[in-house]
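Below: the structure, in structure tokens.
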Amino acid sequence: MDALLADLMDSASGHADYADVRHVRSTTERVGTRNGAVDRIERSDEQGVGVRVRVRGAWGFAAVRGAERAGAEAALSRALEVARAQPRGPAFPLADNAPAVGTHDAGLDGTDPFAVSLEDKLDALLAADAAMRVDPLVAVTEAGFFAHREERTFASTDGALCRQRLGECGGGITATATDGAETQVRSHPASFRGQVSQAGYEHFAGLELAAHAPRAGAEAAALLSAPPCPDGRTTLVLDGEQLALQLHESVGHAVELDRVLGSETSYAGGSFVAPGDVGSLRYGSPLMNVTADATVSGGLGSFRWDDEGVSAQALPIVRDGVLRGFLSSRESAARVGMDRSGGCMRASGFARQPLVRMTNVNLESGDAGSLDDLIASTDSGIYMETNRSWSIDSHRLQFQFATELAREIRDGELGRLYRNPSYAGITPEFWGGLDAVCSRSEWRLWSVLNCGKGEPGQAIRASHGTAPARFRDVRVGVA
Amino acid sequence: MKPLETAERALATVPAGVEAQATVIAERSLLLRFADSRPTQATAVDDLEVEVTALRDGHAGAAVTNATDAESLRRCTASAVAAAEAAVHLGAPGPFPGLPTPAPARGHDGYDEATAALEAARGGQALQAAFDAAGQVGAEAHGIWTAGEIETAIASTAGVAASDRVTDAFMKVVAVAPSGRSGYAAQTAVAGERLDPAEITARATGKAMATGGEATLGPGEHTVVLERHAVAELLAFLGSLALNGLAFAEDRSALSGRLGSRVAAARVNLADSPRYPGTLPRAFDAEGVPKAPLALIQDGVARAVVHDSRSAALCGTASTGHALAPGGAPDGPAPTNLVLIGGGAEDESALCRTIERGIYVTRLWYVNAVRPKETLVTGVTRDGTFLIEDGEVTRPLADLRLTDSVLGILGRVEELSADSALTGTSEFYGRRFATGVVAPALRAGAVRFTA
């Protein structure tokens, strides 16, 4: 494979200002149960080659399945044809980077999830599935397992030639209760297909789905008769899972430099952040410190090199509440005068070209102690847990979230349950209300498994490190 | 080798006595993106996937590969069979009733030879036309032009042996004015020659360059005129949340127990019509069941939901041909050719005429379900929101957040425009699967905005 990709780049160098190529081979397994029966077991194996070229300022990308030399050469020809067919545009420079050379493995330690029998996985899932049915109001129970392994080999006309092997594993459970009039949902450890890490089978086993299942079922049923979340402005405490999505939507996407520069206007949208805001934009309170860290162990946005061959980095995004950086590519970095790319180009599979994407965008921990400590230090407010719905405008400014569960906070203690909780805000105002973040002992990586961007669409997986945090004067009960 | 031949080769590797389906989907596509009136990305895909679904005692096991050599097909089948057999050891039968038997599928006019050629030069010309049209009025063009050819073939041990070729073409333009305001227009068709880049761009720039100071409106209930793009977005959510047979069977749908009841205004007539003029037709669903028209809401009364084989079995009925995956997709079946019948208003202007003060919405963005059982969704207006005063669109309006029930909005429909058009999607996550909603514009009262 190395020789094929190197030869292809030799061929490309005579026809393109720049070119790179990725060979990607992946295996994915999904196992799901529903209402005590096997819902679906699916295994997917695919490989292919994607070639990206730049000719007189226009990019062309072509992907072909397999790993045959003839197919890869045809993809190069097609990429060149497509680039040449487009109207001429400005040829923005690419930021310099040292060519990526070497190999890297991550998430391959421990037990290979593909070596564990399907029977064992089904036994674990069905035990959790059954354990959720603790109340007749629980109408639907679902449990899922996910594993993915991928080998990516990258070469470029800059002399890069590197190979990475990455492994992921995880799962989750969901109980849905209904009384005919409405439905309520509880998930563990996270909603929307659970929690996945760059790790072996031990990560899935450590989720202890069956142990948490009775609580999930009981809470889903209890929510049906809980009073609705009150509306008004109050103090809001978010658990780490919901805070991860809050961070993802209102910070991570907003600091993608392609969006900031207008390149994603046609689909994902722009950003309220401007290129010149670094060092001056107050994003949040002085307690807000955000880092995009592609080097953290276990993160779904972790790697040694991005899909442009740029080394992984830990980038300061917000420090003491002030914007300090962007997620960037070689082209977008050069357009705003940065010396080098932030190494944030990622592609989903061989048939999509890399885009500026999130790595692991993390909110640094604070000193508020445990979640219990944080609640104890809160006179009154609402605690919300586990995302149920999300929406934000195309400039990442005005958002509205709903969670699965909320509890009243009164005199430093959690009180009654609320159903249908939601909250809304404006990004800098919301983060400006951040007045406490739990300590490192509460900090963990949460996965986001369905981050969509690009045309044709690309869904990637990312992680966000968070600890529970408190926000003052938030509008709740909006939906 | 043709996809049906590959499907039959895969099926031939299935052990005797095992019920199975082999599906082959071949994609060739080209998508050109642009921003600030310059090309930004271009993606050409030539890929194929083989999926083998094996059934044992009602359990489905599936395996997918994008290799077509004999050994890869054999391994794919072995993985699918092993998955189904792993489920069998549990003892209890699974929910899948068995593979559908063959039925004749009607032909359609959803394939265009010229579009299937995927000429890069044609895409380049479309971009240049958009750049020129935007430049003439001082705006910048952002958007995509795309075309694709998909061939799907199914062979099963139940005797299905069918293939279907479709093409689709789509162009959208988000025009951005020097003021920063934006406007949206798009067109979807089976044939690329039906796209008119200059006309699309002109409609988008017309919105972006609209004059007048930007007004603001606070949260509350307002009468709205929704363009077909916004209507289509809401109907697509209705399809996945309420018209989904699995959600219906599990009492998660707003229509559970309500078939035969009034759920929308009497002027609302919604169907899934795979051969309706202007739609993106398809011969059969993912289980090989022929596509056929299905009335969903007639004169405001709920009449049916869509089913695949699994959800149909749960409801004691037959598949309506809406499977998204053999054996049933995890999220259930969904309509793919929704058609909302138009009304008596000549156009959007006529819909505005009776409104003293209201909101004109071009499209909605980042719509998400808040409470699925109520079809409660939230999303933000985008790329062309205007204030309606005294029966006319008067000036741009700052975008607002709509949070309301889709069925509730349909219950408050006051009028629909006579003309309908196909509104497609450009997202294409995973394998390209072009769908669209044929919808008119409509006027609805008391639509709730929360910010």
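The values are calculated or read from the model by the stated rules, or taken from the named source; none is laboratory data. On a predicted model such as this, the values are computed, not experimentally measured, just so you know. When we count neighbours, we look across all protein chains shown, and the Cβ atoms used for this are built from the backbone with ideal geometry, even at glycine.
Which one is nearest to A:GLU385 (Cα to Cα) among residues in segment A:162-191 that are modelled with pLDDT of 95 or more and of a type in the set (A, V, I, L, M, F, W, C)? Selected residue: A:ALA190.
Listed here are the strands (runs of 3 or more DSSP E) enclosed by segment A:390-479 that have at least 2 residues being over 21 Å from the mean Cα position of the chain (by Cα), crowded, with 23+ Cβ neighbours inside 10 Å and touching a residue at least 40 places away in the same chain (Cβ under 8 Å): A:398-410, A:422-426, A:469-476.
Going by the conditions given, is B:ALA198 buried (at least 20 other Cβ atoms within 10 Å of the Cβ) and touching a residue at least 24 places away in the same chain (Cβ under 8 Å)? No. Only one entry of A:ALA177, A:ALA213, A:ALA218 meets the criterion of being within 24 Å of A:VAL116 (Cα to Cα) and outside the structural domain of A:GLY240 (by TED's automatic domain parsing), and that entry is A:ALA213.
Set side by side, the residues A:SER266, A:SER225 differ, and just one is out of contact with any helix residue (DSSP H, G or I) (no Cβ under 6 Å at 6 or more places or on another chain), over 30 Å from B:PHE428 (Cα atoms) and not in a helix (DSSP H, G or I), which is A:SER225.
On the stretch given as segment B:370-391, residues that are touching a helix residue (DSSP H, G or I) at 6+ places or on another chain (Cβ under 6 Å) and either at the interface with chain A (Cβ under 8 Å from one of its Cβ atoms) or charged (D, E, K, R) (or both) total 1.
Among the residues examined, B:ILE154 does not qualify as within 14 Å of another protein chain (Cβ to nearest Cβ) and outside any helix (DSSP H, G or I).
Scanning segment B:29-50 for residues that are over 26 Å from B:ALA141 (Cβ atoms) and either crowded, with 24+ Cβ neighbours inside 10 Å or of a type in the set (Lys, Arg) (or both) turns up just one, B:VAL50.
Applying the selection to segment B:211-246, what residues are in a loop (DSSP other than H, G, I, E, B), within 14 Å of another protein chain (Cβ to nearest Cβ) and either within 30 Å of A:ASN35 (Cβ to Cβ) or among the aromatic types (Phe, Trp, Tyr) (or both)? Of everything in segment B:211-246, just one residue is in a loop (DSSP other than H, G, I, E, B), within 14 Å of another protein chain (Cβ to nearest Cβ) and either within 30 Å of A:ASN35 (Cβ to Cβ) or among the aromatic types (Phe, Trp, Tyr) (or both), namely B:ALA242. Under the condition of being part of a strand (DSSP E or B), more than 23 Å from the chain's Cα centre (by Cα) and under 22 Å from B:ALA230 (Cβ atoms), the residues counted in segment B:157-194 number 3. Only one of these is in contact with a helix residue (DSSP H, G or I) (Cβ under 7 Å, 6 or more places away or on another chain), buried (at least 19 other Cβ atoms within 10 Å of the Cβ) and either within 14 Å of chain B (Cβ to nearest Cβ) or under 15 Å from A:THR359 (Cβ atoms) (or both): A:LEU261, A:LEU323, A:LEU315, A:LEU247. Name it. Every option except A:LEU261 fails the conditions.
To keep it simple, each residue is scored yes or no on (1) outside any strand (DSSP E or B); (2) at the interface with another protein chain (Cβ under 8 Å from one of its Cβ atoms).
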| site | (1), (2) |
| --- | --- |
| B:ASP47 | no, yes |
| B:GLU51 | no, no |
| B:GLY61 | no, yes |
| B:VAL64 | no, yes |
| B:THR68 | yes, no |
| B:LEU73 | yes, no |
| B:ALA78 | yes, no |
| B:ALA82 | yes, yes |
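No other residue among A:PRO87, A:PRO93 is more than 27 Å from the chain's Cα centre (by Cα), at the interface with another protein chain (Cβ under 8 Å from one of its Cβ atoms) and of a type outside the set (A, V, I, L, M, F, W, C) apart from A:PRO87.
Yes or no, residue by residue, for (1) outside any strand (DSSP E or B); (2) farther than 17 Å from B:GLN298 by Cα; (3) within 14 Å of another protein chain (Cβ to nearest Cβ):
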residue: B:ASP399; (1), (2), (3): yes, yes, yes
residue: B:ASP404; (1), (2), (3): no, yes, yes
residue: B:GLY408; (1), (2), (3): yes, no, yes
residue: B:LEU416; (1), (2), (3): no, no, no
residue: B:THR423; (1), (2), (3): no, yes, no
residue: B:GLU427; (1), (2), (3): yes, yes, yes
residue: B:ARG431; (1), (2), (3): yes, yes, yes
residue: B:ALA434; (1), (2), (3): yes, yes, yes
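Restrict the check to segment A:49-67 and report whether at least one residue is under 30 Å from A:ALA333 (Cβ atoms), buried (at least 24 other Cβ atoms within 10 Å of the Cβ) and more than 11 Å from every other protein chain (Cβ to nearest Cβ). Within segment A:49-67, not a single residue is under 30 Å from A:ALA333 (Cβ atoms), buried (at least 24 other Cβ atoms within 10 Å of the Cβ) and more than 11 Å from every other protein chain (Cβ to nearest Cβ). If only residues of segment B:247-260 that are closer than 11 Å to B:ARG303 by Cβ and within 14 Å of chain A (Cβ to nearest Cβ) are counted, the one that is surrounded by the most Cβ atoms within 10 Å (Cβ to Cβ) is B:LEU255.
I want to confirm something. Restricting to segment A:268-304 and keeping residues that are within 14 Å of another protein chain (Cβ to nearest Cβ) and modelled with pLDDT of 95 or more, which single residue is surrounded by the fewest Cβ atoms within 10 Å (Cβ to Cβ)? Taking the candidates together, the pick is A:ALA274.
This table checks each residue for (1) closer than 25 Å to B:ALA266 by Cα; (2) touching a residue at least 60 places away in the same chain (Cβ under 8 Å); (3) among the hydrophobic types (A, V, I, L, M, F, W, C).
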site: B:ARG363; (1), (2), (3): yes, yes, no
site: B:ASN368; (1), (2), (3): no, no, no
site: B:LYS373; (1), (2), (3): yes, yes, no
site: B:THR394; (1), (2), (3): no, yes, no
site: B:GLU415; (1), (2), (3): yes, yes, no
site: B:VAL438; (1), (2), (3): yes, yes, yes
site: B:ARG443; (1), (2), (3): yes, yes, no
site: B:VAL447; (1), (2), (3): yes, yes, yes
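Can you tell which of B:PHE433, B:PHE386 is of a type in the set (Phe, Trp, Tyr) and farther than 30 Å from A:GLU46 by Cβ? Don't jump to the end; show me each part of the working.
Numbers: B:PHE433 fails: farther than 30 Å from A:GLU46 by Cβ.
Every option except B:PHE386 fails the conditions.
Go through the residues of segment B:166-179 one by one and say whether even a single one is more than 20 Å from A:HIS395 (Cα to Cα), in contact with a Pro (Cβ under 9 Å, 6 or more places away or on another chain) and without any contact (Cβ under 8 Å) to a residue 60 or more places away in the chain. Yes, some residue in segment B:166-179 is more than 20 Å from A:HIS395 (Cα to Cα), in contact with a Pro (Cβ under 9 Å, 6 or more places away or on another chain) and without any contact (Cβ under 8 Å) to a residue 60 or more places away in the chain. Scanning segment B:119-151 for residues that are in contact (Cβ under 8 Å) with a residue 12 or more places away in the chain, surrounded by fewer than 24 Cβ atoms within 10 Å (Cβ to Cβ) and in a loop (DSSP other than H, G, I, E, B) returns B:VAL137, B:GLY138. Kindly indicate whether A:ARG43 is over 30 Å from B:ALA129 (Cβ atoms) and within 8 Å of chain B (Cβ to nearest Cβ). Spelling it out, A:ARG43 is indeed over 30 Å from B:ALA129 (Cβ atoms) and within 8 Å of chain B (Cβ to nearest Cβ). Screening segment B:84-118 for residues that are more than 7 Å from chain A (Cβ to nearest Cβ), in contact (Cβ under 8 Å) with a residue 12 or more places away in the chain and in a helix (DSSP H, G or I) and picking the one that is surrounded by the most Cβ atoms within 10 Å (Cβ to Cβ) gives B:ALA84. Does at least one position in segment B:289-308 carry a residue that is modelled with pLDDT of 95 or more and either assigned to a helix (DSSP H, G or I) or under 30 Å from B:ALA204 (Cβ atoms) (or both)? Checked against the condition, which is being modelled with pLDDT of 95 or more and either assigned to a helix (DSSP H, G or I) or under 30 Å from B:ALA204 (Cβ atoms) (or both), segment B:289-308 yields no hits at all.
Considering each of A:ALA139, A:ALA79, A:ALA106, A:ALA100 in turn, give the residue that is buried (at least 17 other Cβ atoms within 10 Å of the Cβ), within 30 Å of the chain's Cα centre (by Cα), within 11 Å of another protein chain (Cβ to nearest Cβ) and within 23 Å of A:VAL49 (Cα to Cα).
Details: A:ALA139 fails: within 23 Å of A:VAL49 (Cα to Cα); A:ALA106 fails: within 11 Å of another protein chain (Cβ to nearest Cβ); A:ALA100 fails: within 11 Å of another protein chain (Cβ to nearest Cβ).
None of the others qualify; the one that does is A:ALA79.
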